[in-house]
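Structure first, commentary second.
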Amino acid sequence: AAANGPQHFTLPHAMAATNFQPGELKATGVSTDIALEGRGFIPVQLPDGHTAYTRDGELHLSTSGQLVTKQGFAVLGEGGPIQLDPNNHTPLSISANGEVSQGADTKGTIKAVDFTQPNLLTPISNGCFLANNPNLKTTDAADTSIRQGFLEGSNTSAATEMGHLITSMRMYEANQKVIQAQDERMGRAITELGNPN
């Protein structure tokens with residue numbers, strides 16, 4: 001499973017779903033790393049100007065001083081991309097409500113955004129989602145707090161998923177044996193019906 005945020009997986013009958021359950025938070029001690037404690041997404045600006053949403057909080061400062069994702073997408077605050085002073089070397093601080101400060105100067109506020117039906121989000125590359133479905137409605141992730149110096153780990157367990165895989169394999173093998181037994185019975189019945197003696 002991927003290391004950050006929601007995991008996309010395929011279900012039987014060509015259906016796909018994304019598990020949006022929050023993952024375990026892991027301390028990194030890096031001031032630009034953030035994790036959402038609760039539901040919601042961080043809004044980011046794609047190179048084409050569209051807004052995407054992600055839970056991957058592995059951020060850094062660009063050469064121009066913008067707070068960006070590891071792919072270089074600008075993190076959007078309430079007033080647009082969050083711009084810091086690249087010449088100011090005072091520590092970066094991000095509060096639980098998303099307020100980004102550089103020393104005593106407030107530079108913007110990251111507001112977590114949630115959706116009434118997150119399963120309608122369109123997954124794109126780099127752990128981002130687009131909200132281009134007209135049935136999607138945004139809500140304020142009021143109960144979500146931002147943890148500076150943390151990253152969200154995978155929301156799946158390799159051991160649990162391996163257990164599910166083994167269970168599925170055993171069910172498949174059991175069904176295969178039933179089909180083989182039925183096939184042998186049908187073969188015998190055809191042979192006996194075809195032999196008048």
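No lab work stands behind these numbers, since they all come straight from the coordinates. Given the structure is predicted, the values throughout are model-derived calculations rather than measurements. Cβ atoms come from the backbone with ideal geometry, glycine included; neighbour counts cover every protein chain shown.
Quick rundown of the values:
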{"quantity": "Rg to Rh, two decimals, where the range 79-191 supplies the alpha carbon set and Rh follows Kirkwood", "calculated": "1.32"}
{"quantity": "FRET E, pair Asn135, Thr51, Förster distance 22 Å, beta-carbon r, rounded to 0.05", "calculated": "0.80"}
{"quantity": "Within-11-Å neighbourhood charge of Gly108 [Cβ basis; K, R +1; D, E -1]", "calculated": "-1"}
{"quantity": "Dipole-positive endmost among His50, Gly163, Ser93 within the chain (Cβ charges, Cα centre)", "calculated": "Gly163"}
{"quantity": "Largest to smallest principal axis extent of the C-alpha atoms in the range 109-154, angstrom", "calculated": "34, 25, 19"}
{"quantity": "Only Lys, Arg (+1) and Asp, Glu (-1) charged, at Cβ; the range 148-197 dipole about Cα centre in debye", "calculated": "180 debye"}
{"quantity": "Largest-first ellipsoid semi-axes for the chain, taking √(5λ) over the Cα gyration tensor eigenvalues, angstrom", "calculated": "51, 17, 13"}
{"quantity": "Local electrostatic count, Arg39, Cβ distance below 10 Å [Lys/Arg +1, Asp/Glu -1]", "calculated": "-2"}
{"quantity": "Per-residue [θ]222 nm for the chain (sum of -39500 (n - 2.57) over DSSP H runs n ≥ 4, rounded to 500)", "calculated": "-7000 deg cm²/dmol"}
